[in-house]
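Single-structure report; data block below.
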């Protein structure tokens, strides 16, 4: 899972370096997220949520965008138990 975080950081750094304003746009981050999600071999809810938590644990806004995008991409796998997971993310990781 750690490799996903490392790949994301590399791709984000490349986007930031080519940006005229030195600010990364959310749309650019979502494009990177799409690429990274396609590369995942195991798209099971358990694996993806573990990756999301790892991304969120970095407390990096750009990686958080990727984490929430990954979680959205597996929405068809949600169960009633997901409320507890998302509620804990809300209280732990969302600040504004």
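Throughout, read-outs are computed from the coordinates displayed, never taken from laboratory work. Since the structure is predicted, the reported quantities are computational estimates derived from the model, not experimental observations. Every residue, glycine among them, receives a Cβ derived from its backbone with ideal geometry; neighbour counts consider all protein chains shown.
A compact table of results
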| item | result |
| --- | --- |
| Helix 82-93 vs. the chain, principal-axis angle (Cα, 0 to 90°, nearest 10) | 40 |
| Taking only Cα atoms of the chain, radius of gyration then Dmax in Å | 13.4, 44 |
| Ranked 30, 75, criterion: other C-beta atoms within 10 Å, fewest first | 75, 30 |
| Helix 26-39 axis, angle to the chain major axis (alpha carbon atoms, nearest 10°) | 60 |
| Residues 39, 54 arranged by fewest to most Cβ contacts within 10 Å | 39, 54 |
| Ranking of 51, 32, 45, 10 by count of other Cβ atoms within 10 Å, fewest first | 10, 45, 32, 51 |
